[in-house]
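Just below is one structure, and these are the notes that go with it.
The values are calculated or read from the model by the stated rules, or taken from the named source; none is laboratory data. No experiment lies behind these values; they were computed from the predicted model shown. For neighbour counting, all protein chains shown are included, and Cβ atoms are generated from backbone atoms with ideal geometry for every residue, glycine included. Surface areas here come from the heavy atoms of the whole protein model, side chains and all, with no ligands, DNA or RNA. Shrake-Rupley method; radii C 1.70, N 1.55, O 1.52, S 1.80 Å.
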Amino acid sequence: MPPVRKAIFPAAGLGTRFLPVTKAQPKEMLPLVDKPTIQYGVEEAIASGIEQVIMVTGGGKRAIVDHFDRSLELEHYLRQRGKSDLLHILSEVDALSNQVDITYLQQKEPLGLGHAVWTARRLVEGESCAVLLADDVILGASEPCLKQLIDAHHKTGATVLAVRRFPRDQIGRYGVVALEGSDGRLHDVTDMVEKPEPGTEPSDLAIIGRYVLTPAVFAELNRSEPGKGQEIQLTDAIKRTLGSHPVVALEFEGDYYDTGTVPGYLRANLMLAMKRDGLREELAPLLRELLDAD
Ligand code: G1P
């Protein structure tokens, strides 16, 4: 089976859950400690063997392009002042765009996740490709999450979705899968519901933002109609391939941080800061103090 070489990053959303900070700044550039969320996704894609990153952006997303470009002015400034440690940080970001080709496409209207992915159709024609949602940050696994999905794709030939178990009362903000047979952590998908109403969840397995899509999904995206929230949903297009093309769900290994909501974002920052030497020592006493004062 041919390797999965291309990864689509839908990054055209308006970030309304984070207003006002996202009024003039892409939500993908919000920091997790000191690195923008989208950089974690690009690092994961590269570590999973991806050769081309396709960023689907919209208006006001210039900062993403600049982030993955060199800043000669900043480099010059730091070099003149002998700040080799900071130059090293810049060179690490620069190394990313040397390891992978980054292509930018415009989604001209915010018509939904399915439409954003469809925007990249000509660049992935006839190939299976990955999709990563930058809001979903997955760290700490021995194999990067996307690599786990790609391996599952090579084993099955199927479209692969990353899934994680959630208590049913917390699952309504995700796409949710229904399953039949299982092979360890790999399950056959029989149905999918985007953001089910309470009490109608088909299982406790939520779709997390990592996918390997086969060309069959793009054929369905070509004839997509608006679904939940009047948006063209990726979940609906994948669902329409069921029956004619296999879809599997992989319970991936790794720590999952949902940075797509304000509470989830704050939690992720706190958890990652507490894992960082130098920050943990500062934060731990503060957290204890705050808890004691409660
Ligand atoms: C999207 C998908 C949803 C998935 C989620 C993962 O929703 O539509 O199926 O569970 O990402 O983060 P969004 O977060 O864009 O509303």
Quiz item: Looking at 265, 257, which is the one that is part of a helix (DSSP H, G or I), out of contact with any Lys or Arg (no Cβ under 7 Å at 6 or more places or on another chain), over 26 Å from residue 126 (Cα atoms) and within 13 Å of the ligand (Cβ to nearest atom)?
Solution: 265
Exercise. Being under 14 Å from residue 102 (Cβ atoms) and among the aliphatic types (A, V, I, L, M) is the filter here, so list the residues in the stretch 38-62 that pass it.
Key: 38, 42, 45, 46, 50, 53, 54, 55, 56
Quiz item: Which residues, taken from the stretch 50-62, are at pLDDT below 95 and either small (Gly, Ala, Ser) or surrounded by fewer than 21 Cβ atoms within 10 Å (Cβ to Cβ) (or both)?
Solution: 58, 59, 60, 62
Quiz prompt | Those residues of the stretch 13-49 which are open to solvent by less than 20 Å² (accessible area, probe 1.4 Å), within 13 Å of the chain's Cα centre (by Cα) and under 22 Å from residue 108 (Cα atoms), in sequence order | solution = 28, 38
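Being touching a Gly at 6+ places or on another chain (Cβ under 7 Å), in contact (Cβ under 8 Å) with a residue 60 or more places away in the chain, of a type in the set (A, V, I, L, M) and open to solvent by less than 40 Å² (accessible area, probe 1.4 Å): is that true of residue 132 here? Before the answer, list the steps.
Details: touching a Gly at 6+ places or on another chain (Cβ under 7 Å): yes; in contact (Cβ under 8 Å) with a residue 60 or more places away in the chain: yes; of a type in the set (A, V, I, L, M): yes; open to solvent by less than 40 Å² (accessible area, probe 1.4 Å): yes.
When the stated conditions are applied, residue 132 passes them.
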Quiz item: Is there a residue in the stretch 146-154 that is aliphatic (A, V, I, L, M), part of a strand (DSSP E or B) and at negative phi?
Solution: no
Self-check item: Filter pass, residue 142 being in a strand (DSSP E or B), more than 15 Å from the ligand (Cβ to nearest atom) and either at pLDDT below 95 or farther than 22 Å from residue 245 by Cβ (or both)
Solution: no
Practice problem: Looking for whichever is closer than 28 Å to residue 227 by Cα, open to solvent by less than 40 Å² (accessible area, probe 1.4 Å) and modelled with pLDDT of 95 or more here; the options are 123, 149. Which one fits? | Solution: 149
Practice problem: Read through the list (1) open to solvent by 90 Å² or more (accessible area, probe 1.4 Å); (2) more than 20 Å from residue 134 (Cβ to Cβ), then give the number of the only condition that residue 266 fails. | Solution: (2)
Practice problem: Please give the number of the condition residue 93 fails out of (1) under 30 Å from residue 151 (Cβ atoms); (2) of a type in the set (Val, Ile, Thr); (3) open to solvent by 60 Å² or more (accessible area, probe 1.4 Å). | Solution: (3)
Quiz item: Within the stretch 88-107, is there a residue that is within 21 Å of the chain's Cα centre (by Cα), under 23 Å from residue 162 (Cβ atoms) and within 16 Å of the ligand (Cβ to nearest atom)?
Solution: yes
Practice problem: Being among the β-branched types (Val, Ile, Thr) and crowded, with 17+ Cβ neighbours inside 10 Å is the filter here, so list the residues in the stretch 182-225 that pass it. | Solution: 189, 193, 207, 208, 212, 214, 217
Quiz item: Just wondering, is there one or more residues in the stretch 188-201 that are at positive phi, polar (S, T, N, Q) and not in a loop (DSSP other than H, G, I, E, B)?
Solution: no
Exercise. Select from the stretch 93-115 the residues that are in contact (Cβ under 8 Å) with a residue 12 or more places away in the chain and small (Gly, Ala, Ser) and write down the one among them that is nearest to residue 210 (Cα to Cα).
Key: 114
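Hey, does the stretch 110-122 have a residue that's in a helix (DSSP H, G or I) and either away from the ligand (no atom under 16 Å from the Cβ) or of a type in the set (Asp, Glu) (or both)? It would help to see each step written out before you state the result.
Just the residues of the stretch 110-122 that are in a helix (DSSP H, G or I), to begin with: 113-119, 121-122.
Of the ones still in play, those that are also either away from the ligand (no atom under 16 Å from the Cβ) or of a type in the set (Asp, Glu) (or both) are 121-122.
Among the residues of the stretch 110-122, at least one is in a helix (DSSP H, G or I) and either away from the ligand (no atom under 16 Å from the Cβ) or of a type in the set (Asp, Glu) (or both), which makes the answer yes.
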Quiz prompt | Unique residue being touching a residue at least 40 places away in the same chain (Cβ under 8 Å), under 30 Å from residue 59 (Cβ atoms) and charged (D, E, K, R) when the list is 143, 127 | solution = 127
Quiz item: Could you list, in sequence order, the residues of the stretch 156-181 that are more than 10 Å from the ligand (Cβ to nearest atom), open to solvent by 50 Å² or more (accessible area, probe 1.4 Å) and modelled with pLDDT under 95?
Solution: 167, 168, 169, 170, 179, 180
